[in-house]
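Heads up: the structure comes next, in structure tokens.
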Amino acid sequence: MSISKDAKQVYEIELKDQLEAKHRDRFVAIEPTSKAYFLGDTFIDAAMAAKNAFPDRRSFVLRIGHDAAFHIGAASS
């Protein structure tokens with residue numbers, strides 16, 4: 001599997017309910033091998049926390065409670 005698929009699977013199975021109840025709209029970086037996760041108020045905060053903890057591993061960042069970390073373009077009505 002890819003880093004993104006593995007991280008999304010960890011999120012869906014193990015983290016989603018807990019994080020969406022308390023941390024909606026924040027960012028979470030997930031290192032899927034260890035299943036460790038790192039919260040941040042910004043994308044960079046979460047990504048850097050994961051990189052500092054696991055400098056030789058890749059992590060994937062999600063926005064809690066959203067389908068995408070960022071939305072680009074005009075809002076749909």
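Given the condition in a helix (DSSP H, G or I), of a type in the set (A, V, I, L, M), at pLDDT 95 or above and surrounded by 13 or more Cβ atoms within 10 Å (Cβ to Cβ), answer yes or no: does some residue in region 56-71 qualify?
To start, the set of residues in region 56-71 that are in a helix (DSSP H, G or I) comprises none.
No, there is no match, as no residue in region 56-71 is in a helix (DSSP H, G or I), of a type in the set (A, V, I, L, M), at pLDDT 95 or above and surrounded by 13 or more Cβ atoms within 10 Å (Cβ to Cβ).
Out of region 23-55, which residues are open to solvent by 40 Å² or more (accessible area, probe 1.4 Å) and among the aliphatic types (A, V, I, L, M)?
LEU39, ILE44, MET48, ALA53
When ASP45 is evaluated against the numbered criteria (1) of a type in the set (Asp, Glu); (2) closer than 20 Å to ASP6 by Cβ; (3) in a helix (DSSP H, G or I), which criterion, by number, is the only one it fails?
(2)
Give me the pairs, please: first residue somewhere in region 2-24 and within 14 Å of VAL61 (Cα to Cα) and acidic (Asp, Glu), second residue anywhere and surrounded by 16 or more Cβ atoms within 10 Å (Cβ to Cβ) and at pLDDT 95 or above, beta-carbon distance under 7 Å, and either six or more positions apart or on two chains.
Hits for this filter: ASP6/PRO32.
Just to be sure before I move on: is LEU39 farther than 12 Å from VAL61 by Cα and either in contact with a Cys (Cβ under 9 Å, 6 or more places away or on another chain) or not β-branched (Val, Ile, Thr) (or both) in the structure I sent?
Judged against the criteria, LEU39 is not a match.
The values are calculated or read from the model by the stated rules, or taken from the named source; none is laboratory data. Source: prediction; values computed, not measured. When we count neighbours, we look across all protein chains shown, and the Cβ atoms used for this are built from the backbone with ideal geometry, even at glycine. Keep in mind that these areas ignore ligands, DNA and RNA; they rest on the heavy atoms of the full protein, side chains included. Shrake-Rupley method; radii C 1.70, N 1.55, O 1.52, S 1.80 Å.
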